[in-house]
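Comments concern the structure below.
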Amino acid sequence: MSVAKRVFFITMALLLLTIAICWGYWTYRQYRANQAAIPRNATSVVRIHVDGLIRDIAWNALWNGGHYCDTTGASPRAFNLGRWKRLGISVPANLFLYQVNHSLSGQFPDVYFGSLAVDDAAAFAAWLHDNLHMEMGTSDHGTVASSERAFVVIQRGRAVFALSPSKPQADLALLTEVLVNVLEQDGSVAVSKSNFRDIIHDDGQVCIRGAHRFCIDFKKGSASFSGQYETEGISTASAGMPHFTDSNAVSLWVQGNLAGFLSGKRFDIGDHTLQGDSLLSHYKGRAVLEWKGTITQQDTMINYDYDDNFDPVETLEVIDKPVPEIYCSLGADTALIGYLQAQGVLEIPDNTVNRGVLPLFRVGVSALPPDYVQFHTASEPLAPPVPSGQGRDLLYLRVDFNKLLISDFLPVVAPHLQAFDVLELSGKPATDNRAVINGTLRMKNPQLHSLVQLLETYEGR
């Protein structure tokens with residue numbers, strides 16, 4: 001055998017051995033991570049595939065190093081890999097969050113709990129303070145770190161935490177006792193042996209199982225997601241999804257009854273009350289929304305001036321202001337308009353929404369054939385797009401963020417939309433009581449990892 005062939009075979013053997021070692025190490029980390037303990041009475045579980053995210057971001061950083069590293073001597077970029085060093089914790093292969101029923105579930109219905117192994121409690125506390133700007137303190141249970149939506153108790157060898165996706169109505173510190181007792185050893189079970197064991201086989205880097213199933217997969221330039229949702233009375237209606245114009249900023253089609261959302265409910269809007277059962281009796285099972293851009297409405301501003309005696313005098317000024325051009329068409333009988341008038345939501349005789357209900361801009365209401373009631377910000381209604389024919393599509397949504405005015409959104413929301421390009425999702429029935437939803441969110445930068453772009457918008461870049 002020639003020297004060249006020997007070198008080739010030795011190189012291939014070393015390469016295969018390296019791959020086998022890496023695969024074995026990866027598999028062992030996943031196995032160990034899936035032995036993580038969760039409460040036996042958990043009602044839902046979230047799995048974050050940390051190893052997969054690190055691998056993909058590291059690969060993306062290899063090809064986009066200039067974005068991740070400061071090479072100019074200027075201030076570092078918002079997402080800097082160096083910030084994630086010296087965490088003080090053992091980075092898990094998978095991180096599991098869970099929900100449980102507890103004594104304060106009524107006050108904190110959206111809170112998820114979790115725990116982490118801690119190597120250096122002081123370093124971890126410093127990282128939370130310096131990078132996540134959490135307030136630090138001490139309690140009988142150890143060092144505590146808190147923010148509006150997160151609360152962490154750092155003990156010897158571990159940290160337990162509570163996260164709230166929505167803004168909680170009360171201080172998360174009230175959960176301290178629940179938090180330190182939620183993972184008692186006699187009440188826990190390994191994820192791989194729990195009722196949620198199938199989550200370890202779900203595709204996606206963030207997966208949720210509970211009343212519904214949902215997965216997100218972060219990729220270069222986009223994020224894809226899918227979900228399965230239990231719902232009542234999936235419609236067999238035959239109105240197919242309409243053809244929307246590509247010039248729309250937002251296009252939305254919804255088909256199906258809303259009994260689960262409306263039945264037996266009461267909606268208090270300012271000084272007005274709407275009964276869900278009354279709305280349901282008029283609704284015909286479909287809705288179409290088009291946001292086409294921006295139009296101008298005239299509004300009256302009340303100012304105050306002073307007369308010669310320095311007494312305040314009220315003055316009225318008519319101004320032009322831009323508002324979103326929106327047409328929302330509900331499949332409903334015309335009696336819906338009469339019901340809204342009777343409840344004071346619509347002003348008579350011009351059929352505009354009471355400004356006490358919607359003060360930001362003027363919304364007119366019109367009856368359109370066939371069997372539509374349309375809410376519109378333009379001075380005249382617009383015929384909704386024609387359905388395409390037979391079909392059981394339950395949902396279609398397309399949002400072109402390039403056509404939206406970011407100023408139309410709340411200042412808290414607007415910065416997070418700047419990295420988005422196009423969102424598109426669709427929903428179809430899987431069975432008589434389950435729907436499947438799939439979607440994709442494309443980012444402005446097609447080369448950069450989508451999670452990195454989301455983190456940068458969160459950090460205000």
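The values are calculated or read from the model by the stated rules, or taken from the named source; none is laboratory data. These figures come from a predicted structure and were not determined experimentally. Backbone-built Cβ (ideal geometry, glycine too); neighbour counts: all protein chains shown. SASA here: full protein model, heavy atoms, side chains in, ligands and nucleic acids out. Shrake-Rupley method; radii C 1.70, N 1.55, O 1.52, S 1.80 Å.
Some values worked out for this structure:
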quantity	calculated
Peptides 2-14, 151-163 ordered by average Cβ neighbours within 10 Å, highest first	151-163, 2-14
Under 11 Å from the S103 label point (7 Å along Cα→beta-carbon), backbone N, the stretch 150-183	175-179
Label-point gap, in nm, between A211 and D268 - each point 7 angstrom along Cα→Cβ	2.2 nm
Full-extension gain in nm, E135 to A20, via 0.36 nm per residue minus C-alpha separation	36.9 nm
The chain: relative contact order in percent, alpha carbon pairs under 8 Å with at least 6 residues between	15 percent
Gain on full stretching of the segment that runs from S147 to K219 - 0.36 nm per residue minus C-alpha separation	23.0 nm
Residues listed by number, the stretch 266-310, amide nitrogen under 18 Å from D320 label point at 7 Å toward C-beta	293-301
Label point distance in nm, T334-I10, each placed 7 Å from Cα along Cα→Cβ	9.1 nm
From the coordinates shown, Kirkwood radius over Cα pairs in Å corresponds to which of (i) 23.5; (ii) 26.6; (iii) 27.8	(ii)
Potential extension, K193-Q35 segment - 0.36 nm per residue separation minus Cα distance	56.1 nm
Carbon + sulfur, % of accessible area of the chain - ligands and nucleic acids excluded, 1.4 Å	57 percent
Span-rule helices in the chain, defined as complete DSSP H runs reaching 27 Å or more along the axis (Cα) with Kyte mean at least 0.0	3-33
Nearest-0.05 FRET efficiency for V313 and V436, computed from C-beta distance (R0 51 Å)	0.25
Per-residue [θ]222 nm for the chain (sum of -39500 (n - 2.57) over DSSP H runs n ≥ 4, rounded to 500)	-6000 deg cm²/dmol
Top positive-direction residue, dipole computed over the chain with Cβ charges, set V160, S90, T431	S90
Furthest towards positive pole of dipole, F9, S146, T377, structure part the chain, Cβ charges	F9
18 Å Cα-Cα threshold exceeded, pairs from K220/K403; K220/K444; K167/K265; K292/K403; K292/K444	K220/K403; K167/K265; K292/K444
